[in-house]
Amino acid sequence: MTKCPALCIIAQVMEMEKILEQALLYDFYGELLTEHQKQVYEDVVFGDLSLSEAAEAHGISRQGVHDLVRRCDKALREYEEKLGLVRKFEKTRNLLKEIHRLAGEFEETGNRECVRKIAGLSEEIGEL
């Protein structure tokens, strides 16, 4: 077995993680971008247009598209640094998964400790 397939898979996973991060940031903060920024960003990041295709579609240079996408990525990350909505969303989602698991455990065992833990987790969600 050669190293290239493993490295290629790692690169693909890293690219997918980057796209997932971009999608989450865009879902939470995309409305803070201008209409033009949103159109170009969506075409390149989610529509899978090349920089040249997006440049032609929007009447700007390839370098202009590249710079705009980079500026949008930076702005979205800065919004997250300041507001932390994605972090809070992910934390809430993880706490809810744990609540669901504990509820199932309580149904199976009747262990009242699960109820106490659920109450604590729900308080934690309320404090986010």
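Express in % the proportion of alpha carbon pairs of the stretch 84-128 at distances exceeding 12 Å. For the stretch 84-128, the fraction of Cα-Cα distances above 12 Å is 58 percent. At a Cα cut-off below 15 Å, give the aspartates and glutamates reachable from K117, other chains included and same-chain residues fewer than 8 away excluded. Cross-link targets: E98, E105, E107. As an equivalent ellipsoid, the chain spans semi-axes of 40, 21, 11 angstrom, where each value is the square root of five times an eigenvalue of the C-alpha gyration tensor, largest first.
The modelled label-to-label distance between R116 and E42, using points 7 Å beyond Cα along the C-beta direction, is 5.1 nm. Hey, quick one: spin label on F89, modelled 7 Å out along Cα-Cβ, who in the stretch 30-65 has an amide N within reach, i.e. under 13 Å? From the stretch 30-65, the list is 30-32. Taking packing as the residue-averaged number of other Cβ atoms within 10 angstrom, the listed peptides 62-70, 85-93, 36-44 run from highest to lowest as 36-44, 62-70, 85-93. Computed from Cα atoms, the angle from the helix 85-109 axis to the main principal axis of the chain rounds to 30 degrees. Expressed as an acute angle from 0 to 90° and rounded to the nearest 10, what is the orientation of the C-alpha long axis of helix 3-29 relative to the principal long axis of the chain? Approximately 80 degrees, to the nearest ten.
About its Cα centre, the dipole of the chain is roughly 360 debye, where the only charges are +1 on Lys and Arg Cβ and -1 on Asp and Glu Cβ.
Toward the positive end of the charge dipole of the chain, with +1 on the Cβ of Lys and Arg and -1 on the Cβ of Asp and Glu, the farthest Cα among L20, A55, N111 is that of N111. Using a cut-off of 30 Å between alpha-carbon atoms, which lysines can reach K82, once sequence neighbours fewer than 8 places away in the same chain are excluded? Hits, sequence-local ones excluded: K18, K38, K74, K91, K97. Once the Cα atoms are used to define both axes, helix 112-127 deviates from the longest principal axis of the chain by about 40 degrees. Only helices enter this figure: runs of n ≥ 4 DSSP H residues, each worth -39500 (n - 2.57), summed and divided by the residues of the chain, yield -27500 deg cm²/dmol at 222 nm to the nearest 500.
The numbers here are math on the coordinates, done by the rules we state, and not lab data. The shown structure was predicted, so the numbers you read here are calculated from the model rather than taken from an experiment. Every residue, glycine as well, gets a Cβ built from its backbone with ideal geometry; the counts of neighbours run over all protein chains shown.
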